[in-house]
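Data block below; observations after.
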Amino acid sequence: MASLVFGWGNPGRGDDALGPALIGRLDALAPAHPEWGEVRLLTDFQLQPEHALDLEGCERVLFVDAGASCPAPFALERLASSREFGYTTHAMSPAALLALFRQVCGCEPPPAWLLGIHAASFELGAPLSETASRNLEAAVAFAGEWLSARD
Amino acid sequence: MPFPLETAAHPENSRRVVIEPVSRVEGHGKVTILLDEGNRVREVRLHIVEFRGFEKFIQGRPYWEVPVLVQRLCGICPVSHHLAASKALDIIVGARRLTPSAQKLRRLMHLGQILQSHALHFFHLASPDLLFGFDADPARRNIAGLAAAHPDIARKGVLLRKYGQEIIRMTAGKRVHGTGSVPGGVNRNLSREERRQLAAGIDEVIAWSMEAVGMVKRLFAENARAWEGFGHYRSGFLSLVRADGALDFYDGGLRASDAGGGIVFDHADCQDYHERIHEEVKPWSYMKFPFLVALGAQDGWYRVGPLARVGRCDFLSTPLAEAERLAFKEFDGGAALHAPLAYHWCRMIEMLHAAEGIRELLGDDDLSGTDLLVRGTRALRGVGVLEAPRGTLIHHYRINEDEQVVGANLIVSTTHNNQAMNEAVRRVAMRYLDGRKLTEGLLNHIEVAIRAFDPCLSCATHALGKMPLMAELVDADGSVIDRLAKDG
């Protein structure tokens, strides 16, 4: 079964691009790392309900997002499904997506973690900040270790 | 001249209720309500912090980059911006008439966007309110509660979204930041195999869309008195219509009506929108207030979106949706035609119309044609208008001789609906807030009124944002005496 790494964010908004940037880096590295096993890489602007279906058939999931409040360079959090839904917004939280998966697919979601990469700036059209670029390197290294650790 | 309840006569003697979001990036909305000493509502304002950075951001860029760049405006309906920008740039490259294949491929992409956007809003954002009630336990009144109580509805919502996204992926080339539409046409067609794959699922999509229309129609009938009156007011409307008066999401002329239903202009050329629509600036709001020039700012504000389109077109070109449009117009002697909550009903009629339109297009061999691009006499200015899921979307660009963008103006659906949303919030505040203790149910009534319009603050503020709300009741000394928070 595959490991899914799903990074989201707006590539046009400075450090909000950290999620998609990490996916781009893993995509480039994957051919040289057969020890990662089967890997699915996915990116989007933000989490939406239909992404629950992308979790089907996955052994484990690593969600990746930029976070202004998470510690530098990154933080890893084990996720439990949550009923806390922001129904006034169009975006979902990863925990809410896990809960939706259970209810829509009728089975337990795969084990999932959230990798929050510390972000500093969300300016329109800006590139990754220096801080975010450094944090991205550390996060890519961690994601490689996570993919290699198949227990 | 301010509208009723727009500005309090004596704000210094009032206490202030603020419903304000916490936003991850710039761009957010808040509602402020002033109450006098007798707890009477004296002022209500919906503020949306508009961030106008995008127009500046694209200045100096080559024009051909714009259809891809504008998708960064919004993670909710990037396809609408992709296509509206392409339509404006069609004019600039002299492609006033696209090839049949290009036009149909763009239309299919757009119908996929309408389908998935309407499905998200109805099944996952609005239906918990509609099924459980505006005052229901908030722990239940969300998509999780919906999935627990009505798993079949939640699953269909997810699958409808997935189907619409597949259409976008196949026509735009990618799931995110697609490049399918370019100035003068498109850069890819659909293979017969891709059409076969999509056609295999469309009958089920139509059947689910029919069920959704049936559900909202039944709920409206069961709650007719309350829902017809909820935030009710009369207003003008604006939308695109085809030359024969049919609703058209992708192209046509502008039709505007006044609050009495009279036509202000019809089949107006979109290139001249700026002569018919102006935008008023108010000191208390970052977002502008568009109005019809012919009626002036006081009487010329209007609504856009599903209620405007379904309520004011002459007919729908697909049979199942047209039958539902007639039923909607005849409901209770036309009582729903101005009701904000009727947006939900019209949204589902449009979802059905989009699904039928997709089935029609998938049988058309032009989708697999290879004549995809045209060019003509270059122009330095172009306007692209289409009906995005939430309403009329206007993109206007000017370029220089070096093919760089030197000016841009975007009017998005949420901006068109600015005054209309303020009106709805004022009426709901008058009806439900007047002198009462702030409760989650009260806060939700205000949100229900806003949510009917499906506002996209990401678009309106030109930022990827959220719409979480926080309400604070502050006394005359500025002390917070009550607070409610709702994260996005």
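The values are calculated or read from the model by the stated rules, or taken from the named source; none is laboratory data. All values derive from a computational prediction rather than experimental measurement. So basically every Cβ, Gly included, is an ideal-geometry build from the backbone, and we count neighbours across all protein chains shown.
Values as computed for the structure displayed
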item: Lone unmet requirement of (1) at pLDDT below 85; (2) part of a helix (DSSP H, G or I); (3) small (G, A, S); (4) surrounded by fewer than 24 Cβ atoms within 10 Å (Cβ to Cβ) for B:A147; result: (4)
item: Close pairs (8 angstrom Cβ cut-off, 6 or more residues apart or separate chains): not assigned by TED's automatic domain parsing to the domain that holds B:G164 in the stretch B:120-142, surrounded by 19 or more Cβ atoms within 10 Å (Cβ to Cβ) and of a type in the set (D, E) anywhere; result: none
item: Residues that are surrounded by fewer than 15 Cβ atoms within 10 Å (Cβ to Cβ) and in contact (Cβ under 8 Å) with a residue 12 or more places away in the chain, drawn from the stretch B:365-378; result: B:T370, B:D371, B:R375, B:G376, B:T377, B:R378
item: Residue within the stretch B:269-279 that is modelled with pLDDT under 95, within 20 Å of the chain's Cα centre (by Cα) and over 23 Å from B:H232 (Cα atoms) present; result: yes
item: Hits in the stretch B:167-210 (condition: among the β-branched types (V, I, T) and under 26 Å from B:K156 (Cα atoms)); result: B:I167, B:I168, B:T171, B:V176, B:I202, B:V205, B:I206
item: Which numbered condition B:H118 fails, given (1) over 30 Å from B:Y397 (Cα atoms); (2) of a type outside the set (D, E, K, R); (3) in contact with a helix residue (DSSP H, G or I) (Cβ under 9 Å, 6 or more places away or on another chain); (4) in a helix (DSSP H, G or I); result: (1)
item: Candidate set from the stretch B:39-79 (those that are of a type in the set (G, A, S) and modelled with pLDDT under 85); member that is farthest from B:I114 (Cα to Cα); result: B:G53
item: Given (1) over 19 Å from the mean Cα position of the chain (by Cα); (2) more than 8 Å from chain A (Cβ to nearest Cβ); (3) in a helix (DSSP H, G or I), number of the condition B:L98 does not satisfy; result: (3)
item: Selection from the stretch B:172-205 of residues that are within 22 Å of the chain's Cα centre (by Cα) and part of a helix (DSSP H, G or I); result: B:A172, B:V205
item: B:A136 vs. criteria more than 21 Å from A:E50 (Cα to Cα), over 19 Å from the mean Cα position of the chain (by Cα) and modelled with pLDDT under 95; result: yes
item: Residue that is surrounded by the fewest Cβ atoms within 10 Å (Cβ to Cβ) [pool: residues in the stretch B:83-101 that are touching a helix residue (DSSP H, G or I) at 6+ places or on another chain (Cβ under 7 Å) and over 21 Å from B:D272 (Cα atoms)]; result: B:P100
item: Number of the condition not met by B:G133 [criteria: (1) more than 30 Å from B:L34 (Cβ to Cβ); (2) of a type outside the set (A, V, I, L, M, F, W, C); (3) more than 9 Å from chain A (Cβ to nearest Cβ)]; result: (1)
item: B:L125 being within 9 Å of another protein chain (Cβ to nearest Cβ) and either modelled with pLDDT of 95 or more or within 17 Å of B:D454 (Cβ to Cβ) (or both); result: yes
